[in-house]
Structures are given as structure tokens and as C-alpha cells.
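All remarks here apply to the structure that follows.
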Amino acid sequence: MAQSFFNQHGQAFFAGGASLSRWCNKADDLASQMFDAFLEQYPLGGDSVRAQQRQRLLDDVRRLIEHEFEHVGKREFVAAERPFGYPEP
């Protein structure tokens, strides 16, 4: 989820100019979409389990975004993940 968020928004996120709440909302939307896609492949038993796991994901994502937001303006975004390997990644 984090890789998808930063692939889509990394440049703008670390450039600054937007509020923390805006980025948290974008991350929440993406995490919810990805969680719904996950449920199509791996159905969890019961509404309460799904709700608990969705909230857990949203809480974790929000903590990540809040942590990274502390570094806005202090870092330059290069990539969320870079391939490596020898000779081909």
C-alpha cells in the first residue's frame, strides 16, 4: 500500500504545500480500495473481522503518513522502490 501511495504521490507529498489531513485522506482512500481488492482474493470471516482489519490497516497507514510528513521539505523523493540485481533486476 505504501509503495502505491508514494508511487502516485511521492513527488507532490515531499514537495510540500498540502496539509497532513489531505494526504491522510488520500492514503485512507487508497488503503480502502486495496483492502477491498484483497477481500476478493482472501475473504475474512465475518463483518466484525473485516471491520477490525480494515481499521488496523487505516491506522497503520495513517501512522506512516504522519511519520513521513515530519520530513516534508527535508527530503527529496526519488522512488518508492527501485529495482536492483545483476545483470537484470
Under the helix-only model (-39500 (n - 2.57) for each DSSP H run of 4 or more, divided by the residues of the chain), the mean residue ellipticity at 222 nm, to 500 deg cm²/dmol, is -23000 deg cm²/dmol
For the stretch 1-53 and the stretch 63-77, write down the distance between their C-alpha centroids in whole Å. 16 Å
Grab the beta carbon distance between residue 67 and residue 36, set R0 = 22 Å, and tell me the FRET efficiency rounded to 0.05. 0.30
By Kyte-Doolittle mean hydropathy of at least -0.5 and Cα axial length of at least 30 Å, which whole DSSP H helices of the chain are selected? 20-41
Please work out the ratio of the alpha-carbon Rg of the stretch 41-89 to 2.2 N^0.38 Å and round it to two decimals. 1.79
Test of understanding: what is the full-extension gain from residue 50 to residue 84, defined as 0.36 nm times their sequence separation minus their Cα-Cα distance? 8.7 nm
Arranged from highest to lowest average of other beta-carbon atoms within 10 Å per residue, in what order do the peptides 1-9, 42-50 appear? 1-9, 42-50
Translational diffusion of the chain, µm² s⁻¹ [Kirkwood Rh, Cα pairs; Stokes-Einstein; 4 °C; 1.567 mPa s]: 89 µm²/s
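None of the figures in this text is laboratory data; all of them are computed from the coordinates on show. Being a predicted model, the structure only gives us computed values, none of them experimental. Virtual Cβ from ideal backbone geometry, glycine too; neighbours counted across all protein chains shown.
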